[in-house]
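Please read the structure below before turning to the comments.
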Amino acid sequence: MKKEQFNFYRLVAPTLILGVFGLVIACSSPSSGGDTPTPTPTPTPIVLAINTLDPSVPMKHIGAIHTEEDYARIRAKIAVQAEPWTSGWNKLIANSHAQSTYTASPVATLIRGGSSAEEPLPDNYSRAMNDAAAAYQLTLRWRISGDAIYAQTAVNILNAWAKTCTRISGDSNTALAAGIYGSQFAIAGEMLRGYPGWNPTDFAAYQKWMKDVFYNLNKAFLETHWGTCQSHYWANWDLANLNSVLAIGILTDDRTIYNYAINYLQKGNGNGNWYKAINHVFDGDDAGLAQLQESGRDQGHATLCIALMGQICQLTWNQGDDFYGLDNNRFLKACEYAAKYNIARLNVPFFEYTRNYKDAWSACGGVETHTQISDAARGSFRPMWSAPYFHYTKIKNISESLTKYTKMGLMSSLPEGGGGDYGPNSGGFDQLGFGTLLYTRD
């Protein structure tokens, strides 16, 4: 059964199924006069909720965010020098992080939020962001080229971190380190699963390291929000940690961990809840657009939410869970909104948003109200458009008219690079990238 069919039967109520099928039959009736009717596309199933499976059901180990089917498609395109795959491949192999000479720089204590009351030592998280990016890029080179030297270099990076790093320290920003680098390290590890050069004992130690150092902090943050009110932290904080929880659940074959994130994304009290991160869906003349919780804050963080949610969609899609389609493609509408404002530079509607946050006097006494979209950092660029655009247009067969701004984002970023291609600061490493190579479909 195809994945789309799996999600349809698993997630949509029987009465809705009958209604949709009835619509298909009605629309496909022959026209008068004996003319051959124009085929009507099958409606995209409306995903109302995503249910969890029993903890005893094993996770799917098919490559985290990429599958062997993806790699086979890419190899075939590169073999005939087809574009834009060839340009995407050249972008990858030119990156300094994707070289077999790359060496890891692990630290015993990973610090983000240093030089603070909580941690007097300075930040060193750039080591993690660079090494996680390298492990991912090297693993891609191995999966696509078949040259094991790149896999071995990636394994050496991951083993070095698992043997050296024992904790994450800093102020509240430890949650960002645990979330962003946790997800990236876990994805790289899952992509290397099955590489014969990774000693099973070392792989087991790596799985344990991911749980002990990253997952425990992810869970602590999502449960407590460091003692603040549930709405205090912006959506990207939750989304980064939920990404890590999902990826670690897959890597360690722990469905209970994975299920926690699936439930939180739909019912959680924090702003990583899908319906809070995308806090308003417009209708009428603005149908097809949805506002992000951070839209009134600034566009750098609003686009970060798109990047993080895109990775969540891809991780869960490969497990049979359709966050791309949840709530009538709510994520697509958020992509269209962000791209219309940042890429097309057009006006978008805004729904007034009020956030409660922890102030100096109480756990949740501060109030912040946004009445218009922020133009701070408008035009922020991230390599994040390929995955949603090609999923919606080529896998779900959604009309181009509903993805036109997302396509503008895609065209503005060809070919997408990754960590190391967008400057030395953390923002250039917040997403794995290389979507032109990895997600483009005919």
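The values are calculated or read from the model by the stated rules, or taken from the named source; none is laboratory data. The structure presented is a predicted model; accordingly, all values stated were derived computationally and were not measured. For neighbour counting, all protein chains shown are included, and Cβ atoms are generated from backbone atoms with ideal geometry for every residue, glycine included. Note: accessible area is taken over every heavy atom of the protein model, side chains too, but ligands, DNA and RNA are not part of it. Shrake-Rupley method; radii C 1.70, N 1.55, O 1.52, S 1.80 Å.
Odds and ends about this structure:
- Pairs of alpha carbons in region 32-191 whose separation is greater than 21 Å (percent): 61 percent
- Counting heavy atoms of the protein chains alone, V367 has an accessible area of about 90 Å² for a 1.4 Å probe.
- Sorting D131, D254 by accessible area puts them as D254, D131; the probe is 1.4 Å, largest comes first, and only protein heavy atoms count.
- Restriction of the trypsin sites (Lys or Arg not before Pro) in region 369-442 to DSSP coil positions whose beta-carbon has at most 13 other beta-carbons within 10 angstrom yields R441.
- Alpha-carbon centroid distance for the pair region 59-120 / region 231-273, whole angstrom: 22 Å
- Relative contact order of the chain, defined on C-alpha pairs under 8 angstrom at six or more residues apart (%): 18 percent
- Region 319-442 - Rg over Rh from alpha carbon coordinates, Kirkwood radius: 1.04
- When both bridge partners sit in the chain, DSSP labels roughly 70% of those beta bridges antiparallel.
- Per residue value of the accessible surface for the chain (all protein chains in place, 1.4 Å probe), Å²: 40 Å²
- On region 56-108, 57 percent of the accessible area sits on carbon and sulfur atoms, based on a 1.4 Å probe.
- Counting Lys and Arg as +1 and Asp and Glu as -1 over every other residue whose Cβ lies under 14 Å from the Cβ of H280, the net charge comes to -2.
- Protein heavy-atom surface of region 121-215, 1.4 angstrom probe: 50% of the accessible area is carbon and sulfur, with nucleic acids and ligands not counted.
- Carbon/sulfur fraction of accessible area - region 255-378, other protein chains in place, 1.4 Å, %: 44 percent
- Volume per residue of the convex hull around the Cα atoms, evaluated for the chain, comes out as 156 Å³.
- Qualifying trypsin sites (Lys or Arg not before Pro) in region 287-373, where qualification requires a DSSP coil assignment and no more than 11 other C-beta atoms within 10 Å, comprise R345.
- For E352, solvent-accessible area (1.4 Å; no DNA, RNA or ligand), Å²: 110 Å²
- Rg followed by Dmax, in Å, when region 158-286 is reduced to its Cα trace: 16.1, 58
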